[in-house]
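First comes the structure, then the notes that go with it.
Just so you know, all these numbers are worked out from the coordinates, no wet-lab data involved. Every value quoted in this text rests on a predicted model; they were computed, and no experiment measured them.
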Amino acid sequence: MSRSYVALFCMLLAASPVATAQPAECTKLNSTSQMARARGAVLIKHGDERYLLRLAKECDSVASARHLRIVTDGAEHLLCPQGSEVVSPSRRCAVTSVETIDAAEFERARLHRY
């Protein structure tokens, strides 16, 4: 690859928006953690961190339930990159992905409900 192409590639990467990433480890949620609903997803704000939890397609009704809990391997309020579930009074739903998002994306998702 010529140097001009490498330089162009680096400039494009720098100009790209920050990609969302999967958290590396589990997060213990607490009473200050906030949860919001979006179509087919659940949003969590925990301190300075914000997460987008995508749910399986058949779980849209869980995302709209009034009371939700996050459970991982039986541990309440534990959010992990894999194995977490969103639990409503009527059903449990596997989280298909956990993404770390920025404040602007969190607000956009919360206000527009995707």
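What the table below lists for this structure:
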{"read-out": "Other-chain or far-sequence residues with amide H under 5 Å of Ser84's (modelled H)", "value": "Val95"}
{"read-out": "Dimensionless Rg/Rh of the stretch 36-79 - Kirkwood Rh, Rg from C-alpha atoms", "value": "0.96"}
{"read-out": "Taking N as its residue count, the alpha carbon Rg of the stretch 22-114 over 2.2 N^0.38 Å", "value": "0.96"}
{"read-out": "Theoretical gain in end-to-end length, Leu78 to Asp48 [0.36 nm per residue, Cα-Cα removed]", "value": "9.1 nm"}
